[in-house]
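Here's the structure we're looking at; comments come further down.
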Amino acid sequence: MAISRSTYGTRRLAIVLFACLLVALFLLPSQSQRLLQYVGGPLGQILSVPLAAFSSVDHGISETWNAYLALQSVHEENRQLHRDLELLKGQNNQLRESVAATQRYETLLNFKQQSPSQTLAAQVIGRDATNWYGGMILNKGEGDGVRVEMGVVTPAGVVGRIVKTNSTSSVVLLVTDPNNAIAGVVQRTRDEGIVEGTSHGRARLKYIPLLSRVQAGDRVVTSGLTGTFPRGLAIGGLTQVEKSEGDLFQSAEIEPEVDLSKLDEVLIITAPYEDADSAQKLLQEIRGDRKKP
Amino acid sequence: MKFLLYLLLALVVVPFQTTLLHYFSIFGVRPDLGLVAACLVGFLGGELDGLILGLLLGCFQDMLSAGDLWINVVTKGGGGFLAGLAGRHMAHITPAVLTAGLAIISCLSSAVFLYSMNPAGIDEVWMGVRSTVLVQAGFDALVGAGLYLLFRQRWSDDRMVTEGAL
């Protein structure tokens, strides 16, 4: 097919429309975003078909390569061990959190109340469309009950949060992206801060009080202050603490707990806490048990 | 018809970019096939074609990216349009010119992304330039030149036919 030069009038119309689009985007950013989101709904459904096809090709390639070309049995064993390790890491973290929690007044009750309850399993089907954002595409969308701002985790710890959804897929902003911010707490000292991603593909705990005695090796978990994540999910370990002369706060670099480059399946937290009724029952149950002796 | 062709191209390029292109990344950076496609079509087909394809690709890329919903629409649409303007003023497009043009447009596009990230200081800007902007510009230019060389015969035939018709 011949690609012909367009007429002057059509070209001028296109330029004017593009200019209008630019002006609208810059002058009315939120309205434009809403409009684009609205337009993106049906487009997302169309896009999901080739996306699923390419994703299955991608999985096929990696499965073939890993399972048949790169030593089938070793790979399977490694995957199983990796799963076990992730599970044990998660259990280990829960135990650490439990030990820390029992040392404080009534923390056990809160911990039980705030453990994650409702999650939705999802598969990673792609990476961010650009090189500029730490994002992943999941195969679950609004049709499955996924909403923006929901947290995404693995048994080992925090992965990120949902920033975009359409009917069949959603985009996760990883914890290592500079645009991400999660409320975190140092497990040992209970100092709170904000975990932000860095341009180096790691994360950083900011706004640690100046008098805090945090040190390299301390573990950071979610504080549960925001509705996205429940308390006590592992974020990572501190690798380096920075305390500059004249600064009001300390900051520390975090090595994320989850290997974000090797994710296949994740859990989306659809409801971070037990529903109100069951939490209330649990509270009454524990209070009742306490009164007995 | 041409719009449908571009729609089909966008529906192939964007899912390929998000699912399979990581196998071809260098230092964790992948070429931006959307930008390359929009620029190639712009260079060879004119600014309107580049703009339309760029807007389509940008729209789809924005849906599968964690960034704001406007950024790919603007950079890909603008890239295709700029490439069309550049192509209009060239009597003869050579691979070298195309490579340089793609590298420049890729740098401009990356600059918009870098600006939108609100870098904390000059160190972060420089870090972004070294780690992503330059690598991606080189990658985009090479992929674009490769595609051009691969399909040069067909494109030059189309161009001659079109220009003859005009």
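The values are calculated or read from the model by the stated rules, or taken from the named source; none is laboratory data. Computed from a predicted structure; not experimentally measured. Because the Cβ atoms are built from the backbone with ideal geometry, glycine has one as well, and the counts that use them run over all protein chains shown. Note: accessible area is taken over every heavy atom of the protein model, side chains too, but ligands, DNA and RNA are not part of it. Shrake-Rupley method; radii C 1.70, N 1.55, O 1.52, S 1.80 Å.
When A:Gly232, A:Gly246, A:Gly227 are screened for being at positive phi, open to solvent by 40 Å² or more (accessible area, probe 1.4 Å) and not aromatic (Phe, Trp, Tyr), only A:Gly246 passes.
With respect to the stated conditions, A:Leu225 is closer than 22 Å to A:Ser98 by Cβ and modelled with pLDDT under 85. Within the stretch B:109-151, being more than 18 Å from B:Phe27 (Cα to Cα), surrounded by fewer than 16 Cβ atoms within 10 Å (Cβ to Cβ), more than 10 Å from chain A (Cβ to nearest Cβ) and not hydroxyl-bearing (Ser, Thr, Tyr) holds for B:Ala111, B:Gly121, B:Ile122, B:Gly146, B:Leu149, B:Leu150, B:Phe151. Taking strands (runs of 3 or more DSSP E) as the structural unit, those lying wholly within the stretch A:125-167 and holding at least 2 residues that are open to solvent by 30 Å² or more (accessible area, probe 1.4 Å) correspond to A:157-165.
Name the residue that is modelled with the lowest pLDDT, counting only residues in the stretch A:76-116 that are open to solvent by less than 40 Å² (accessible area, probe 1.4 Å), among the polar types (S, T, N, Q) and under 23 Å from A:Glu265 (Cβ atoms). The selected residue is A:Ser115. Note on the stretch A:213-242: among residues that are assigned to a loop (DSSP other than H, G, I, E, B) and without any contact (Cβ under 8 Å) to a residue 40 or more places away in the chain, the one that is farthest from the chain's Cα centre (by Cα) is A:Arg213. Once the stretch A:138-166 is narrowed to residues that are in contact with a helix residue (DSSP H, G or I) (Cβ under 6 Å, 6 or more places away or on another chain) and within 11 Å of chain B (Cβ to nearest Cβ), the residue that is nearest to A:Gly232 (Cα to Cα) is A:Thr165.
The single condition from (1) polar (S, T, N, Q); (2) part of a helix (DSSP H, G or I); (3) out of contact with any Lys or Arg (no Cβ under 8 Å at 6 or more places or on another chain) that B:Ser109 fails is (3). Filtered by the rule that a residue be within 20 Å of A:Asn92 (Cβ to Cβ) and basic (Lys, Arg), the stretch A:205-259 gives A:Arg219, A:Arg231.
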